[in-house]
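Below is one structure, written out as structure tokens; comments come after it.
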Amino acid sequence: MRSALDYVHLAETANGPIPRGVDPAYIWGAALDEFERARPDIRIVNLETSITRSEDYAPKGINYRMSPENAEVLNSAGIDCCVLGNNHVLDWRRDGLLDTLTTLERLRIKSAGAGRNLSEAGAPAKFDIPGKRRVLMFAFACSNSGTPRGWAADGKTPGVNLLTSISDVRAAEVADAIKRFAQSDDLIVVSLHWGPNWGYEIPDAQRSFARALIDQAGVSVVYGHSSHHPKAIELYRDRLILYGCGDFIDDYEGIRGYEDYRDDLVLMYFADVEAAGNLAALELVPLQIRKFRLVRPSRDDMSWMQQTLDRESRKFGSGIALRPDGRLTLI
């Protein structure tokens, strides 16, 4: 594929005509109703693309970008923070990253996980929530997600906040880095772009790394992603570990090959975290991508998502229940 229009054709072949000239809120569909209902303090997404018109692409096989004038889609959903620590934010090299950072700053959307130098890439996004604790959002791109080592930021070079390995030593280093920024009453979220695109397996190294961040740095939420489908959820010492949140909005509609994973079914994650940093509740909202828009899935599809997540999460001592209103909860 060399044009996004080819992806539109695939989606229309699968599910029918997609309207042209839509407003920026179109793609969010039913998710906007859920945002309005839940009214979260912070809305965070992993933005796995560059926002650029650069033509200087990295020869890595798959290169994603969006036009800067289309970035208003982020404001249309009230997004507060875009995680940039991933394996596509430099698909159009460092100029593409700089364009991305400039656009997000223009939109007044915070970012984490990439920056104009290592200091900026490693710094957390900070959120002062009136009447509540301050939230620090750290983000890392891991080499095992396909992030090239040459993308790492350094003292003067733009790039990502890169983890070349997931080990006890690296976990201790990350914990130390968090402590340099965090105050005793901060609530800490760590984003990790790690692992392959497909498959439910959780390597022991990932589990040990996530737990070490909780043990050593008091992290409240480990926000994992890279898999194109949701993976297991663990509650460890009353702290939340999301091993893989799956995609949310993409243009894979109509692409065949991994139907068993049902990547057309996606989740919104609403985590209610207590003042002490422990998880009070986790609500999951199943949605479906149809015609490049998020819609309500069928009851059968909701049940499939519940059963799949429950099966995988039971391996880690957690369960997932389906409520009568079609939303899922961690049990």
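The values are calculated or read from the model by the stated rules, or taken from the named source; none is laboratory data. Keep in mind that this is a model prediction, so the values were computed, not measured. Methodologically, a virtual Cβ is constructed for each residue, glycine included, from the backbone with ideal geometry; neighbour enumeration extends over all protein chains shown.
Side notes on the structure shown:
- Members of the range 252-269 found to be surrounded by fewer than 18 Cβ atoms within 10 Å (Cβ to Cβ) and either farther than 27 Å from N63 by Cβ or of a type outside the set (K, R) (or both), listed by number: Y252, G254, I255, G257, Y258, E259, D260
- Listed by position, the strands (runs of 3 or more DSSP E) inside the range 52-141 whose residues that are surrounded by 22 or more Cβ atoms within 10 Å (Cβ to Cβ) number at least 2 are 81-83, 110-112.
- When each of D6, D33 is tested for being more than 30 Å from V221 (Cα to Cα) and without any contact (Cβ under 8 Å) to a residue 60 or more places away in the chain, the lone residue that passes is D6.
- Close Cβ contacts (under 9 Å, 6 or more residues apart or on different chains) running from residues in the range 111-139 that are farther than 21 Å from V273 by Cβ and touching a residue at least 40 places away in the same chain (Cβ under 8 Å) to residues that are of a type in the set (S, T, N, Q) and surrounded by fewer than 23 Cβ atoms within 10 Å (Cβ to Cβ) comprise R116/T157; N117/T157; L118/T157.
- Here the range 180-231 is the region considered, the condition is being over 17 Å from V45 (Cβ atoms) and among the hydroxyl-bearing types (S, T, Y), and the residue that is modelled with the lowest pLDDT is S184.
- Extreme residue, farthest from the chain's Cα centre (by Cα), among residues of the range 291-331 that are outside any helix (DSSP H, G or I) and without any contact (Cβ under 8 Å) to a residue 12 or more places away in the chain: P324
- Residue selected from the range 281-316 under the condition acidic (D, E) and within 16 Å of D264 (Cβ to Cβ), by the criterion surrounded by the fewest Cβ atoms within 10 Å (Cβ to Cβ): D300
- Some residue of the range 175-195 being free of Cβ contacts under 8 Å to residues at least 60 places away in the same chain, surrounded by fewer than 23 Cβ atoms within 10 Å (Cβ to Cβ) and among the β-branched types (V, I, T): yes
- Yes/no for R211 being out of contact with any helix residue (DSSP H, G or I) (no Cβ under 6 Å at 6 or more places or on another chain), on the phi < 0 side of the Ramachandran plot and not in a loop (DSSP other than H, G, I, E, B): yes
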